[in-house]
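Working notes, structure below.
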Amino acid sequence: MLAPMRAKTNHPLGLPPATYQKLLARLSQSGWFCQGTVVCRPLRRKVSGRWVEKGPYYLWTGKHEGKTVCHALSQAQYELAKAAIATNRQVMETLAKLQTTTLQTILRQVPGVQRRK
């Protein structure tokens, strides 16, 4: 888990703003998360000349070491993976906000090069 940032006055940017610390706190309470996609797929097959409903089948698909991987899941695994993927989306949004805030703070507080125009 991530601990709240301690007061460090020796950092060139100073103390993080309250909004930044709130985002860090939200991130530290995220729980389980994973990347990928889950689907619940029914299947119709023709058996002895009749259409028969099979399934539903639960699948997780994601990338692992540059390759697409697919795993069959139970219904319980599907529900947990679905929640973890939703949490992952929230974590990624929070990280994007933290990164944006950091860059804006750097550009605003640290002297840079002179602009030509």
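Structure above, values below:
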| item | result |
| --- | --- |
| Among Leu23, Leu95, Leu107: highest mean-square fluctuation, GNM of the chain, C-alpha pairs under 10 Å | Leu107 |
| Cα shape, the chain, gyration tensor, a/c 1.5 rule | prolate |
| Cβ-defined net charge surrounding Arg45, 15 Å radius [Lys, Arg +1; Asp, Glu -1] | +4 |
| Added length on full extension, which subtracts the Cα-Cα distance from 0.36 nm per residue, Arg45 to Gln114 | 18.0 nm |
| Charge dipole magnitude, Cβ of K and R +1, D and E -1 - the chain, Cα centre, debye nearest 20 | 460 |
| Top of Arg44, Arg26, Arg89 by mean-square fluctuation, Gaussian network on the chain, Cα under 10 Å | Arg44 |
| Sum of -39500 (n - 2.57) over DSSP H runs of 4+, divided by residues of the chain (222 nm, nearest 500) | -14000 deg cm²/dmol |
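Bear in mind that the values in this text are calculations on the coordinates, not laboratory data. Because the structure is a prediction, the values reported are computed rather than measured. Cβ sites come from the backbone with ideal geometry, for glycine too, and all protein chains shown count toward neighbours.
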